[in-house]
Amino acid sequence: MRLRFGVRDEEAFHTTSAELVERFADWLDEREDYRTDPEVSSLLFFWKWSSGDGHLGRWRLPDIRECLVDFLASKLTAPPDRAREVPEALACTMIFLGEAAMLTKDSDPADRLSAYALELTEEFLTAMEATRPRIGPVPLPTEASRRAAAGKAPVLRRFAQLRGYFGVAGKPLDEAGGLDPETTEALLAVLRADGVLDLLAGVEHRQHDADVLALEWYLSWATVVGALRRADGRLAEGPTWPLVEADPIEALDRAVDSLILLSPLSFLRERADVDLAAYVEDGADRLLGEILAGELRADGANLDILAELMIDSANHGMPLSRDRIDAVVPDLMRELLALLAECGVLTLDGGHTTLVDGRPRQRGGVARLTQCGYRVAARRAEKFGIRVLVRPDAADTTAADLASLVGRMDLSGWFADLKVWAQDRPEPQACRELLAEMFAQGRPPIQSLTGLDLVGVAFEEAAPAQVRLLLGGPNDFAAVVWLLNRGHLEEAEIGAERLANARIQFLGVLLDGQGADTVARWVVDVRSPQEQLDFLTELWNSTHARTAEVLDAIGTAHPDRDLARTARRLAAKYRSRRA
């Protein structure tokens, strides 16, 4: 098999890459000890062809690192649990190439390549998180307005219509599980009159056949969400749906999730377009993320720009001609968005019809989220791997929301939301609850320290007593530094070693979150040169593991050359002492 391709051998490369992925999938089916997604290997081969030496069978350790950490970490978007599968897939691909005798003689051994890919997992995840797309803060409508909008979603009304038609007794199904012709015709008449079948017009068959397929899919949708159920050879209303429907937000979430799961575009397209249809469906969550970002720009998401994004992505990920992708993807995307509009999460405004190659095509227009669409889009975008920061309406804000928004929105808005949240709580209770969220597990330490300062400003009288409750715990360092700096704690109360360790840990958080310049400014602030020298000596007496690292940072960024030299000398002496 030919494994080396030049940049002009695009068609041949895609053909071979697809064959390799298929063989890899067959190999995985025979191996119980490996469980991974074979499609990931196509990305590895694409990198080797487009950015490497073009030889799909020559792999060395530096290739593994460059492909995984430098290329894939910046190109892929996935939640952390899915992202962890990428190094595993690369590792399995190397074993497959080795066992298939496809690795060149000058490649590193397959087992070493595989092990190295796994060794890079944490570095890959860190690099991927650093480049993970972020959106927000996204202002959310009130829960009441979201619930009211969800209750008006067209799909929920149509589910209710179908339930009323089938009733508790239901309608009989034939041996193949289909409806009899009379029932089919009656339903087609109802849904055709309501315009539902126009949403699913992607099939180029005779109109009646297309409508029947569309009806079958819509009934499957209603069945998967629980509005209908198949039992004892009949199709009837689902008994548990009224409990779900009582919460329109939950009902709508189910409808959207089931819509994406059931792949309507793939179900209804001609065979030649099935792969592209599946590709567009897989991008549904990304589309919702792009529309969410459009709302933050206040101008919505331009549908032609969304189509170009999908086309560009498909051109990088699909072994099809650009002409075919350009012709099909925009229509598929618009069909998918029309179905999301059926769910009531967005509206499609504007647009016009134009002739392209003698056929009418929709162009232009803007997608806008509805009141109930913001939360749905944020949830699905998170599922895709986009980090979405939401700002609930002030009436619905929680302490966790306020803590998450620290440093992510303007202070005037943050304090305004805090005022609404705290208005019905005694000040000590509000302060205590907010502090607990500021230091919740998993929150970035620099955000916790910033939040602590904001809590002190908001609850000036109650804060000192509440911050004292942190002493002796995992956040002792933050409490010590905060209380001491504001005159609510005496050095004699805690001892020199505890104070030095607290300051080193505090400065370590500043170093990680804001860099050496911020650390140096904190040392210089309101201290004379002699006081700074005494402070550096105090830090040198710390037993904390990051002492030398912090002193090095001060030595790098301190504006006074003599004090910077002193900090570097103390760091070297500290390392010698520890050794």
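Listed values, structure above:
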| read-out | value |
| --- | --- |
| Inter-probe distance in nm under a simple model that places probes 7 Å from Cα toward Cβ, at A545 and E30 | 4.7 nm |
| Net +/- balance of residues flanking R468 in space, Cβ distance below 14 Å, scoring K and R +1, D and E -1 | -2 |
| Over segment 294-446: Kirkwood hydrodynamic radius from C-alpha pairwise inverse distances, Å | 18.8 Å |
| Projected label distance in nm at I305 and L355, using a 7 Å step from Cα toward the beta-carbon | 3.1 nm |
| Segment 495-578, accessible area per residue, ligands and nucleic acids excluded (1.4 Å, Å²) | 51 Å² |
| Rounded if a/c under 1.5, otherwise prolate or oblate - segment 147-266, Cα gyration tensor axes | oblate |
| Surface share of carbon and sulfur [accessible, 1.4 angstrom probe, percent] for the chain | 50 percent |
| Virtual paramagnetic centre 7 Å along Cα→Cβ of E119, amide N under 18 Å, in segment 69-103 | 69-70, 87-95 |
| Mean ellipticity per residue at 222 nm, deg cm²/dmol - from DSSP H runs of n ≥ 4 across the chain, formula -39500 (n - 2.57) | -19000 deg cm²/dmol |
| Angle between the chain longest axis and helix 10-29 axis [Cα atoms, degrees, rounded to 10] | 80 degrees |
| Ordering of 433-445, 180-192 by burial proxy (mean other Cβ atoms within 10 Å per residue, highest first) | 433-445, 180-192 |
| Extension gain, E461 back to D534 (0.36 nm per residue minus Cα-Cα distance, nm) | 23.1 nm |
| Calculated FRET value between T398 and E39, using beta carbons and R₀ = 35 Å, to 0.05 | 0.35 |
| Convex hull volume of segment 1-63 per residue (C-alpha atoms, cubic angstrom) | 87 Å³ |
| Average Cα contact separation per residue, segment 272-372, under 8 Å, 6 or more apart, as relative contact order % | 30 percent |
| Using alpha-carbon coordinates, inclination of helix 476-485 to the longest axis of the chain, degrees | 60 degrees |
| Cα long-axis angle, helix 411-422 against the chain (0 to 90 degrees, to the nearest 10) | 80 degrees |
| Gain in span if fully extended, R527 to R297, counting 0.36 nm per residue against the direct Cα distance | 78.4 nm |
| For segment 56-108 and segment 517-579, distance of Cα centres in Å | 43 Å |
| Segment 495-578, relative contact order [Cα under 8 Å, separation at least 6], % | 32 percent |
| For peptides 553-565, 250-262, sequence by mean Cβ density within 10 Å, most packed first | 250-262, 553-565 |
| Largest to smallest principal axis extent of the C-alpha atoms in segment 448-546, angstrom | 34, 28, 26 |
| Å² of accessible area per residue within segment 295-402, as computed with a 1.4 Å probe and no ligands counted | 44 Å² |
| Leading residue at positive end of dipole, the chain (Cβ point charges), from N501, L336, W27 | N501 |
| Candidate residues W47, W27: accessible-area rank, largest first, probe 1.4 Å | W27, W47 |
| Taking the C-alpha atoms of segment 9-131, convex hull volume expressed per residue in Å³ | 98 Å³ |
| Per-pair calculated FRET efficiency, R0 = 51 Å: A278 and R60 via Cβ, rounded to 0.05 | 0.90 |
| Extended-chain gain in nm, criterion 0.36 nm per residue less alpha-carbon gap, Q423 and R230 | 64.4 nm |
| Inter-label distance, nm, simple model (7 Å from Cα along the C-beta direction), K105/A144 | 7.9 nm |
| Rounded FRET efficiency, nearest 0.05, which uses the C-beta distance separating R23 from D476 and R0 of 45 Å | 0.20 |
| The chain: proportion of alpha-carbon pairs further apart than 35 angstrom, % | 56 percent |
| Cα-based equivalent ellipsoid, segment 394-491: semi-axes from gyration tensor eigenvalues, Å | 22, 15, 12 |
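The values are calculated or read from the model by the stated rules, or taken from the named source; none is laboratory data. Since the model is a prediction, treat every value here as computed from it, not as a measurement. Note that we place each Cβ from the backbone using ideal geometry, even for glycine, and neighbour counts take in every protein chain shown. Just so you know, the surface numbers come from the protein's heavy atoms only, side chains and all, with ligands and any DNA or RNA stripped out. Shrake-Rupley method; radii C 1.70, N 1.55, O 1.52, S 1.80 Å.
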